[in-house]
Amino acid sequence: MSLIEVKNLSFTYGIGTPFEKKAVDDLSLSINEGEIIGLIGHTGSGKSTFVQTLNGLIKPTEGQVLLEGKDIWEKPKEIRKVRFKVGMVFQYPEYQLFDETVYKDISFGPANKGLSGDDLDKTVRRAARFVSLNDRLLDKSPFDLSGGEKRRAAIAGVIAMDPDVLVLDEPTAGLDPKGRDLLLSQIIGYHRERKNTIILVSHSMEDVARVADRIMVMNRGKLEMLDTPRAVFSRVEELERMGLRVPQITRVMTILREKGYDFSDGILTVGQAFDEVLSLLKKEGKL
Amino acid sequence: MIRDVSFGQFMPGKSVIHRLDPRIKIVLLIAYIVFVFCTFNFVSLAIVSAATIAVILLSGIPFRMYVKSLKVVIIIVLITSLLNIFYGGGDPIFEWGIIKISLSGIYRAIFVSVRIVLLILLSSCLTFTTTPTDLTDAIERLMKPLKVLHVKVHEIAMMMTIALRFVPTLLEETDKIMSAQKARGADMESGGFIKKIKAMTPVLIPLFVSAFRRAYELAVAMECRCYRGGDGRTRMKTLHMKPLDYVSVILSCLLLTGIILCNIFLAPII
Ligand SMILES: Nc1ncnc2c1ncn2[C@@H]1O[C@H](COP(=O)(O)OP(=O)(O)OP(=O)(O)O)[C@@H](O)[C@H]1O
Ligand SMILES: [Mg+2]
């Protein structure tokens, strides 16, 4: 059985005002346990709105979200339980830090969940370790951290709730290349250890190509594709029509293939490309 | 959601009312408020109500937006009209225990509630059809004579502009921070008053931090553009009176004449 099932989900902002805007339009899909889903789409395509329906921050105007087979809005009073199961890291999460110390801030989520004492301490330190925040930083005020450290602290605050599904809305936006790579590998590391489901919203095709099992493409509130990275990134023209593109390395390799080099189709990461080039050089006896 | 408040929100449009000079709109609003309180009999009340309805129709804003803005004052209207019914004085036409209802009480209640409703409708019409910047701009222009008294008109107007400009931004931000903390399991709905206030800390602190950051950034940006206050500043957009504006003034004068005539020739009933 799939972990999350979405049925004919629609959401409209500002119903009944001149600013009415259908942000999610009749969306249906299912997500399996332990998957990493990459969610891409042009600015304003409804990605953030869609992910907020998954943990009940936004109540759909139509349709349902089923978590483990149960409609999350069945008992509106218990919506908080859903939020502990589906953890959500917002776009620019550093602006939600508020407590005196980083340690206290990270413990806000798990404490709300009901953890205390040793359990709480262990959870907080483990979450901090996942995002490589060292112990020295835990006692500092969150407002004294650098931008990247703040981001890590905010992500740790959600990881500490130990959710079954972790939604990350553009976690790498605004970080330097090294910081992005590091954060991404930490997320993968966390996923390997915890084996939970991850939904990663991103504007970086390279990032989703690297980590996702399946990629979901949204355009104007509609679900356009949900498939393996290879399949999605082979539909170059459709993606370009939606204001998206394929990873740069895929483009380079496609062009080289058209020029007659014997590379295989559907290369998505620099690592794969490196291996391809190496094996071609070997085959031609140049190495 | 917090952002669903409709009172005082600008709605873009191209109607006659939208195109009026904002200064004229403010002056006319004040005039109409005076008119509303100069209605002493049903005929003049009907005239002012008709004029208000005409203005609302001309503004091209959906009627339900006006209804929404009335929701805010519905309680006040109910309470004041009830008080007026029971404490109207005059000869009672209905008595039951200590409750005495007189005809003049009923009239009073009708007048008071209609007046409040008209007041809200007219001021909503102004804020619906005028951008906040235009509004403060017009206020600055109208207050110019006060400069003689060394009132810092420009500075006051600038503060108003900035405050108005940041209201939607801060509301949006509050919404976002609240969502983020709810996602971390913050419980803001249940519990008593004290508990609810406490539950707001995780929202208020980030909100203050970001408000101060924005204020600081805005100050730096203004200074980078050599902003030094009002002296010697010229305007990019100057306001000019157009034929439409004169027409609106003339129509309002006619309305005023009508009300005065009503008051002279018809007996007041309150
Ligand atoms: N709180 C809101 N009120 C009204 N409209 C909104 C609100 N939030 C988003 N929208 C509108 O809904 C649409 C979808 O927005 P959403 O934030 O889901 O897009 P997104 O795909 O996350 O974009 P981005 O990549 O820029 O983050 C946009 O057109 C936006 O203007
Ligand atoms: Mg978004």
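The values are calculated or read from the model by the stated rules, or taken from the named source; none is laboratory data. Because the structure is predicted, anything quoted here is derived from the model rather than measured. With ideal geometry, Cβ positions are generated from the backbone for all residues, glycine too; neighbour counts draw on all protein chains shown. With ligands, DNA and RNA removed, areas are computed over all heavy atoms of the protein, side chains included. Shrake-Rupley method; radii C 1.70, N 1.55, O 1.52, S 1.80 Å.
Projected over all directions and averaged, the alpha-carbon convex hull of the range A:109-208 occupies 6.6 nm². For chain A, a simple Cβ point-charge model (Lys and Arg +1, Asp and Glu -1, everything else neutral) yields a dipole of about 80 debye relative to the Cα centre. Mean projected area of the Cα convex hull of the range A:1-140, taken over all directions, amounts to 10.8 nm².
For the range B:54-199, with only Lys/Arg (+1) and Asp/Glu (-1) charged at the beta-carbon, what is the dipole magnitude about the Cα centre, in debye rounded to 20? Approximately 220 debye in magnitude. Counted over chain A, the DSSP beta bridges are approximately 50% antiparallel. The residue list B:V55, A:L281, A:V252 was ranked by how far each Cα lies along the charge dipole of the protein assembly as shown toward its positive end, using unit charges on Cβ atoms, and B:V55 comes out on top.
In the elastic network of chain A, a GNM with C-alpha springs shorter than 10 Å, the most mobile of A:I159, A:I72, A:I15 is A:I15. Compactness check for the range A:179-279: Cα Rg over 2.2 N^0.38 Å is 1.15.
For chain B, modelled as a Gaussian network with Cα springs under 10 Å, which listed residue fluctuates most, B:L171, B:L29, B:L118? With Cα springs under 10 Å in chain B, the top fluctuation among B:L171, B:L29, B:L118 is at B:L171.
Rounded to the nearest 20 debye, the dipole magnitude of the range A:108-189 is 160 debye, with +1 charges on Lys and Arg beta carbons, -1 on Asp and Glu beta carbons, and the Cα centre as origin. For the peptide A:95-108, the mean number of other protein chain Cβ atoms found within 10 angstrom of a residue's Cβ is 4.
Structural size metrics of the protein assembly as shown, computed from C-alpha coordinates, are Rg and Dmax of 31.0, 115 Å. For the range B:156-236, the direction-averaged projected area of the alpha-carbon convex hull comes to 7.2 nm². Between B:E173, B:E217, B:E140, the Gaussian network model of chain B with springs among Cα atoms under 10 angstrom shows the greatest mean-square fluctuation at B:E217. Averaging the sequence gap over all C-alpha pairs within less than 8 Å and six or more residues apart, then dividing by the number of residues, gives chain B a relative contact order of 30 percent. Pairwise inverse Cα distances across the range B:67-220, averaged and inverted, put the Kirkwood hydrodynamic radius at 20.5 Å. Taking 10 °C and 1.306 mPa s as conditions, chain B diffuses translationally at an estimated 71 µm²/s according to Stokes-Einstein applied to its Kirkwood radius (Cα pairs).
Take the protein assembly as shown with all the other protein chains still there, run a 1.4 Å probe, and you get 54 Å² of accessible area per residue. For A:K195, the aspartates and glutamates whose Cα comes closer than 12 Å to its Cα, not counting residues fewer than 8 places off in the same chain, are A:E33, A:E35, A:D162, A:D164. Heavy-atom surface analysis with a 1.4 Å probe gives the protein assembly as shown a carbon and sulfur content of 62 percent of its accessible area.
Using the structure shown, list the pairs from A:K47/B:K195; A:K77/B:K182; B:K176/B:K237 with a Cα-Cα distance above 23 Å, or answer none. Over 23 Å Cα-Cα: A:K47/B:K195; B:K176/B:K237. In this assembly, the A-B interface accounts for approximately 2000 Å² of buried accessible surface in total, computed with a 1.4 Å probe and without ligands, DNA or RNA.
Each listed q (0.14 Å⁻¹) maps to a log10 I(q)/I(0) for chain A from the Debye sum over equal C-alpha point scatterers, namely -1.06. Calculated on the alpha-carbon coordinates, the convex hull of the range B:32-141 measures out at 125 cubic angstrom per residue. In the protein assembly as shown, the DSSP beta bridges split such that about 55 percent are antiparallel, to the nearest 5.
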